[in-house]
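K.L.:
I am attaching a structure below and will ask some questions about it afterwards.
The values are calculated or read from the model by the stated rules, or taken from the named source; none is laboratory data. Values in this document were obtained by computation on a predicted structure and should not be read as measured data. Positions of Cβ are generated from backbone atoms using ideal geometry, with glycine treated the same way; all protein chains shown enter the neighbour counts. Each accessible area value is taken on the protein alone, full model and side chains, heavy atoms only, with ligands, DNA and RNA left out. Shrake-Rupley method; radii C 1.70, N 1.55, O 1.52, S 1.80 Å.
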Amino acid sequence: MAPPSPLPAALLAVCALLAAMALLQGARAQQLSPAYYDESCPHVYDTVRRVIQAARTADPRILASLVRLQFHDCFVNGCDGSLLLDDGPAINSEKNAAPNNNSARGFPVVDDIKAALESACPGVVSCTDIVALAAEVSVELAGGPYWRVLLGRRDGTTANFDAADNLPAPTDTLNVLRQKFADVGLDDTDFVALQGAHTIGRAQCRFFQDRLDNFAGTGQPDPTLDGAYLSALRQSCPAAGAADARLNNLDPATPDAFDNSYYHNLLRNRGLLRSDQVMLSAPDGAAASTAPIVERFAASQADFFRSFATAMIKMGNIAPLTGSMGEVRRNCRVVNRS
């Protein structure tokens, strides 16, 4: 029996094209969209904004805290709301990891937003989308840029304590920080822009105490710290051990306004955290790729705002669960099967 004749090249090309189109259509079906809840929960944005505005009245720090939640969620397993999960029979909560323990905050506000949305649109809006919306609303309320938040993420059903323990840290070197951002698809401009979220918020003394008196084990302060700023920080954080939780403004000039003052501080060697100042002052030419971006954002707030909004959208696209993956949690703190 003769072997079957090969398919004509033209037919093979058509088949390949149809297969590619099917894959593309499937990918598009899974893409996030700012219009995702337009029909199923049309007042989602207004609800998030209303709850955060009320929370801000009682806690001026909450805007910075809610922005930080999205960073700490998306850098671990992608943007899946895993940071929100409490300890459970199969969950070792990321909240207990060193970068989050007694540091990450804002979880009750997320609970309040979820409760309001469950009342209006039961089982529709995911917790990880709430985190993304809360970050944008918080930046905007602090005077920063607006961007259209892509929506349609679903919530994960697991946590990753070990990955949360390796989040970008205030004591990391510049090369380590750049690599951690690159590992999730964020380039140097994204990195420098996202660090600009430190234009609002506070940091505990324990995260920079070593810069004041014993930098890198030298018994001396960090040589990149401005002298007057060093004196002020020593007043705020007298040596009291590694567990000192006293708070200092990340941006001493305009601590609650989302602006480009943070980059002006770096130019004056007044970055509070080592991870801030290294973008400009890292030794041995390590800052060659980041220092010009710092200078650019210091010169133009509009440039910073555009780059920050772009970077937040990119970060929000890190490995989201869509379609039938994951779930929409009824309670952001536990998976539904619990």
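K.L.:
Of everything in segment 317-331 that's closer than 28 Å to Phe191 by Cα and hydrophobic (A, V, I, L, M, F, W, C), which residue is surrounded by the fewest Cβ atoms within 10 Å (Cβ to Cβ)? Break it down into steps so the answer makes sense when it comes.
P.N.:
Going through segment 317-331, the residues closer than 28 Å to Phe191 by Cα turn out to be 317-322.
With hydrophobic (A, V, I, L, M, F, W, C) added as a condition, the list becomes 318-319, 321.
Working: Ile318: 17, Ala319: 13, Leu321: 22.
Residue satisfying both the conditions and the ranking: Ala319.
K.L.:
Among the residues of segment 236-252, how many are closer than 15 Å to Gly271 by Cα and at pLDDT below 85?
P.N.:
0
K.L.:
So which residues in segment 173-210 are open to solvent by less than 30 Å² (accessible area, probe 1.4 Å), at pLDDT below 95 and more than 19 Å from Pro255 (Cβ to Cβ)?
P.N.:
Across segment 173-210, the qualifying residue is only Gln209.
K.L.:
On the basis of being open to solvent by 20 Å² or more (accessible area, probe 1.4 Å), in contact with a helix residue (DSSP H, G or I) (Cβ under 8 Å, 6 or more places away or on another chain), among the aliphatic types (A, V, I, L, M) and part of a helix (DSSP H, G or I), does Ala116 make the cut? It would help to see each step written out before you state the result.
P.N.:
On the way: open to solvent by 20 Å² or more (accessible area, probe 1.4 Å): yes; in contact with a helix residue (DSSP H, G or I) (Cβ under 8 Å, 6 or more places away or on another chain): yes; among the aliphatic types (A, V, I, L, M): yes; part of a helix (DSSP H, G or I): yes.
Against the criterion (open to solvent by 20 Å² or more (accessible area, probe 1.4 Å), in contact with a helix residue (DSSP H, G or I) (Cβ under 8 Å, 6 or more places away or on another chain), among the aliphatic types (A, V, I, L, M) and part of a helix (DSSP H, G or I)), Ala116 qualifies.
K.L.:
A further question on this structure: If I ask for residues that are over 16 Å from Asn175 (Cβ atoms) and not in a helix (DSSP H, G or I), which ones from segment 275-304 would you list?
P.N.:
Matches in segment 275-304: Ser300 only.
K.L.:
Another question, then. In segment 274-316, what residues are over 25 Å from Leu151 (Cα atoms), in contact with a Pro (Cβ under 8 Å, 6 or more places away or on another chain) and open to solvent by 30 Å² or more (accessible area, probe 1.4 Å)?
P.N.:
Scanning segment 274-316 gives a single hit, Arg274.
K.L.:
Any residue in segment 151-170 that's of a type in the set (Lys, Arg): show its pairings with residues that are in a strand (DSSP E or B) at Cβ separation under 7 Å, as long as the two are six or more apart or on different chains.
P.N.:
The qualifying pairs are Arg153/Leu321; Arg154/Leu321; Arg154/Glu327.
K.L.:
Across segment 153-172, which residue is least open to solvent (accessible area, probe 1.4 Å) among those that are more than 25 Å from Arg330 (Cβ to Cβ) and in a loop (DSSP other than H, G, I, E, B)?
P.N.:
Leu167
K.L.:
Related question: For residues that are more than 25 Å from Asn100 (Cβ to Cβ) and outside any helix (DSSP H, G or I), tally how many sit in segment 41-71.
P.N.:
Residues in segment 41-71 being more than 25 Å from Asn100 (Cβ to Cβ) and outside any helix (DSSP H, G or I): 3 in total.
K.L.:
Hey, another quick one. Just the residues that are in a helix (DSSP H, G or I) and either more than 17 Å from the chain's Cα centre (by Cα) or in contact (Cβ under 8 Å) with a residue 60 or more places away in the chain (or both), please, taken from segment 83-108.
P.N.:
Here is the first cut: in segment 83-108, the residues in a helix (DSSP H, G or I) are 83-84, 94-96, 107-108.
Answer for segment 83-108, where residues must be in a helix (DSSP H, G or I) and either more than 17 Å from the chain's Cα centre (by Cα) or in contact (Cβ under 8 Å) with a residue 60 or more places away in the chain (or both): Leu83, Leu84, Glu94, Asn96, Phe107, Pro108.
K.L.:
Among the residues of segment 65-76 satisfying the criterion of being over 14 Å from Val110 (Cβ atoms) and open to solvent by 20 Å² or more (accessible area, probe 1.4 Å), which is nearest to the chain's Cα centre (by Cα)? Lay out the reasoning, then the answer.
P.N.:
Just the residues of segment 65-76 that are over 14 Å from Val110 (Cβ atoms), to begin with: 71, 74-76.
If we keep only those that are open to solvent by 20 Å² or more (accessible area, probe 1.4 Å) too, we end up with 71, 75.
Details: Phe71: 2, Phe75: 7 Å.
Across segment 65-76, the extreme among qualifying residues is Phe71.
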